[in-house]
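*Asks:* Could you have a look at this structure, given as structure tokens, before my questions?
The values are calculated or read from the model by the stated rules, or taken from the named source; none is laboratory data. These figures come from a predicted structure and were not determined experimentally. Glycine gets a Cβ as well: all are built from the backbone with ideal geometry, and neighbour counts include every protein chain shown.
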Amino acid sequence: ILEATNGREALALAERESPDLAIVDLNLGPPGPESPSGFNLLQRLRERMPAIVLTVDQRPESIRRAAAAGAWGYLLKSSDLHNLSATVEIVLARSRDLRGKKPETEALDLATGWLMATYRLDQPAARRALVHLANEKRCTTSEIAQEILESHQLHSALGRFIAERVHASAREEG
């Protein structure tokens, strides 16, 4: 557990230590060029890690601003320890899920798009084709998607190589 007394310290700690989660108080003292406000800190941490707001501020406007700034959760300091612990566990699990699935999801989306463009399929048909191939090869749809993408990349590279050779040969002859 790391603790910072202001936004500047929090940013420095986040950069140096790369924690899995930030718990941010919206009242970090007066914001300035050296020390961001709680909302600004949420925005700056947004791409690095999930953040939960823990504050005394119950105003709906603050809740909306925190959500817009990237907060994954919003708890009042009057919340009991069980609520804080449960929120931390849920946010950490969700963050791990998103980080772990992103490459798989990206490969599935790319392979689906390639199947749609190549074979003029709609999205559900392309996904069914991926599932069918995965079942046939006894592997996951992510593995099939990766194979399709690698095959497409190899085919494209081979096509470029052959085209360059044909072009070079034509120059030599002509």
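*Asks:* Output the residues belonging to the stretch 37-65 that are touching a Leu at 6+ places or on another chain (Cβ under 8 Å), over 16 Å from Asp20 (Cα atoms), modelled with pLDDT of 90 or more and not in a helix (DSSP H, G or I).
*Replies:* Scanning the stretch 37-65 gives Leu54, Thr55, Val56, Asp57, Gln58.
*Asks:* Can you list residue pairs whose Cβ atoms sit under 8 Å apart, with the first residue in the stretch 1-26 being closer than 12 Å to Ser37 by Cα and the second being of a type in the set (Asp, Glu)? Count only pairs 6 or more apart in sequence or on different chains.
*Replies:* Arg8/Glu34; Leu26/Asp57
*Asks:* Next question. Among the residues of the stretch 61-83, is any among the β-branched types (Val, Ile, Thr) and surrounded by 17 or more Cβ atoms within 10 Å (Cβ to Cβ)?
*Replies:* No, the stretch 61-83 has no match at all.
*Asks:* Any chance you could count how many residues in the stretch 97-135 are surrounded by 11 or more Cβ atoms within 10 Å (Cβ to Cβ) and not in a helix (DSSP H, G or I)?
*Replies:* 1
*Asks:* While we're here: Pull up the stretch 136-159, narrow it to residues that are among the charged types (D, E, K, R) and surrounded by 10 or more Cβ atoms within 10 Å (Cβ to Cβ), then point me to the one that is modelled with the lowest pLDDT.
*Replies:* Residue satisfying both the conditions and the ranking: Glu150.
*Asks:* Checking Asn83 against (1) out of contact with any helix residue (DSSP H, G or I) (no Cβ under 6 Å at 6 or more places or on another chain); (2) assigned to a loop (DSSP other than H, G, I, E, B), which single condition isn't satisfied?
*Replies:* The single condition Asn83 does not satisfy is (2).
*Asks:* Please work out if Leu11 is assigned to a helix (DSSP H, G or I) and farther than 30 Å from Ser142 by Cα.
*Replies:* yes
*Asks:* Going through Arg165, Arg94 one at a time, which residue ends up being under 30 Å from Asp25 (Cβ atoms), charged (D, E, K, R) and in a helix (DSSP H, G or I)?
*Replies:* Arg94
*Asks:* Somewhere in the stretch 91-107, is a residue in the same structural domain as His132 (by TED's automatic domain parsing) and touching a Leu at 6+ places or on another chain (Cβ under 7 Å)?
*Replies:* yes
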